[in-house]
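Q: Right, I'll just put the structure down here and ask away after.
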Amino acid sequence: MDLHDKEMVPGDILPVVIIGNGPSGICLSHLLSGHTPYLSPEAWHPNPLLHGKLSEQPHLPLMEQDLEYLCEGLEGRSSNPVAVLFDSLLLPDSDFGLDHTSPLEWRYEPERAVPHLVLGKGPPGGAWHAMEGSMLTLSLANWMELPGLKLKDWMRDKRRNVRNDRATPAEIASYYQHYVSQMSLGQNFACGTTVTAVTREHGGRDGSPPCWRVSGLQQREGEDLGDGSAVSEEVPFSLLARNVVLATGTHDIPARLGVPGESLPFVCHSFWELEAAISGGELDQSSDPVLVVGAGLTAADAVLAAHHLNTPVYHAFRRSVADPGLIFNQLPKLLYPEYHKVHQMMTQQQHQPTQERTQNLHPDPSSSSPSPPSSSYTGYLSFPRHRVVAFRPDRKCVLESDSGEQTVVRVSKALVLIGSHPNLSFLRDTGRSLGANPDDPISCRRNPIDVDPFTNRVLAADGPGLYAMGPLVGENFVRFLKGGALAIASDLAKRRREEREAAGADRQLDGRGTSRTAAEVLDS
C-alpha cells in the first residue's frame, strides 16, 4: 500500500495502526480482519476444566469471552496468561509432544472486522527476512505457524521432502509472506515504511477527539531512468490513529557489554558476521578459538557453526548451566536436539577454576586449541558464571568468574551475542518510561514494556489506546506472541461494544440526561 497515494482525509482517524509486520503484527491483522475463533461444536479439549469453561457459552466467539476467567488454573511455558490460554487452544498438550486437534473453529465474519494498517520496514515477516541465508535450521513443531494455515501442509506443497520437521529461516519468512497473501490481508499492509514519531494529540476545540499521530517515511520507486531502473525516494507520511500497537520486535540494535575494547575489529555483535568470516575462509580448525559470549539460541547457533568447522570455541555466559531461566532448560529435548547438544557441551566441558588469578589455556605455544577436560566434545570449553572484563588489541580477552578469578584467553574472533534492543526511537525517550523499570532501556529479557496481562494495554502510556505485544513484552516464541494478538483484539472488541452501547444510550436519552460518547468510551 502506498501511503502517499492513500491521502488521508483531514481529521480522518484510523481505528488501529500496528507498527511492525512480523508474526505479531500479522497475527493481529488476521484477527482484526474478521477471522474469528469459536469453540467447535464437536470439540474436545484434554484439559477438562478449560473445556468446561468454554462450553458454558459456546455461541460466543473467544474474543467476547472473559479471558481472565478462562486463564484461571492454566500453566505453561509463558508468564503471560493469555499466551498460555491461546497456545493451549491452538496446540493442546504440545509441550508433551502430543498432536491433539485444536478445539477452535475459525469463521470469517467481515462484520467484525476493524479497519487497521500494518506498517513495516520490509516485506511481511519482519526480522525473519533478515535471517535469510542462515545455514542452520529451526524446529517446526507447528510452533511458528499462524492460525488457519498449517505450516507442515504449506511446507509439503513447497518442497517434496520434509525431513525431521525442519525448515530454514528463509522458508519461515516465505511462509509469513505467503500467509498475508493467502488470508487476503495485503490491503492492510504498508511495507517500506519507517516510523519516526508517535505522539499523543489532544482533542481540538472543534470537538475532535484525542488520538495518536504516527509519522514516518515510506520508501517508494520514483522517476524511471529509462534503463529499467528507477530512483528510490522516501516520501513522508502522517496518520492519525485511535489505537497504536507496538509490535516491532527486538532485533534492531545488538546489545553491548560496555567493556573496554568492545569496538576492536575482532569483536562482533552479529551471528551474520560469523557467517561472513566462515564463508570468507577466515576460520578453520587451525584458527585460534572463537569466543562466544551469551547463552541464548543465537549464541548456541554460533557455537554449532564454529564447532561444525572444527574451529575451537570458548563459550562464556553469566548463568549457571542448571539455571531454570536458561533457555535450554525450557526447550523440549526431542524437538530441539541441536540446542540440547549445546547444553550438554556447556555442562560437560566446563572450565575448571585454579588457584591462579590469571590462567593461560595454551601452555603449548604450538597449539591453538582449548585444553578442556577429556570428553567427546573436543575443541570446546564453557565458562559458566563468567563475564567479559575487557578485550585487548592483541586479541586477548579477560574473563572474570563470580568469585573474582580472572582468566585470559587468546581468540581469533569474539562474538557478543547477548540479545538486542528494539529501536523505539520514534517514542519519547526511546520508550524507556514504558518499561517495567523506567530507569533502564527496553529489553525483551531484562526490561520488557509493562502491559496489562489480559489486554496488553501499555500501563505507562501517555494516553489510552497504546498496546504492545511480542518480544517487546517478553514473548520470544511465535507460539506465545499469538496470545498478545488475542488479548488486544479482545480488548478492542470490548471497547467497540461499549461504544455501540453508549451511542444507543445517547439516542434514547432524548435530552433528559447525560451519557458517555463513543469517543469517551474509546479513550477509556
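Values quoted throughout were computed directly from the atomic coordinates according to the rules given, and no laboratory measurement underlies them. As the structure is a prediction and not an experimental result, all values here were calculated from the model. Heads up, the Cβs are rebuilt from the backbone with ideal geometry, glycines too, and the neighbour counts pull from every protein chain shown.
Q: For the pair N437/E75, report the inter-label distance in nm, with labels modelled 7 Å from Cα in the Cβ direction.
A: In this crude spin-label approximation the distance works out to 2.8 nm.
Q: Next question, about the same structure. Going by amide H atoms built from the backbone, whose H comes under 5 Å of the H on C268, apart from near neighbours?
A: A414, L415, V416
Q: Under 28 Å between alpha carbons, and skipping anything fewer than 8 positions from K341 in its own chain: which lysines qualify?
A: K341 reaches K152, K333, K396, K413.
Q: Which GluC sites (Glu not before Pro) from segment 7-80 combine a DSSP loop assignment with at most 11 other Cβ atoms within 10 Å?
A: Of the GluC sites (Glu not before Pro), the ones in loops of segment 7-80 whose Cβ has at most 11 other Cβ atoms within 10 Å are E7, E42, E75.
Q: How much net charge surrounds L89 when only other residues with a Cβ under 13 Å from its Cβ are counted (Lys, Arg +1; Asp, Glu -1)?
A: Combined, the nearby Lys, Arg, Asp and Glu give 0.
Q: Follow-up question, since we're still on this one. Give the cross-link partners of K121 among the lysines, using a straight C-alpha distance below 22 Å as the criterion and excluding same-chain residues fewer than 8 apart.
A: Correct list for K121: K6, K482.
Q: Distance between the C-alpha centers of segment 296-324 and segment 21-61? Whole Å please.
A: With segment 296-324 and segment 21-61 each reduced to a Cα centre, they are spaced 39 Å.
Q: Would you calculate the separation in nanometres between label points at R428 and K333, each defined as 7 Å from the Cα along the Cα-to-beta-carbon direction?
A: Spacing of the two 7 Å Cα→Cβ label points: 5.2 nm.
Q: Please give me, ordered by residue number, the chymotrypsin sites (Phe, Trp or Tyr not before Pro) of segment 17-98 that lie in loop per DSSP and have at most 16 other Cβ atoms within 10 Å.
A: Those satisfying the criteria are W44.
Q: Taking the Cβ of L459 as the centre, find all other residues whose Cβ is under 11 Å away and add up their charges (Lys, Arg: +1; Asp, Glu: -1).
A: Values: positive: R457; negative: D450, D452.
Computed value for this residue: -1.
Q: Can I ask one more? Restricting to DSSP loop positions (anything but H, G, I, E, B) with no more than 14 other Cβ atoms inside 10 Å of their own Cβ, which GluC sites (Glu not before Pro) remain in segment 240-302?
A: Working: sites: E262, E273, E275, E282; in loops: E262, E282.
Those satisfying the criteria are E282.
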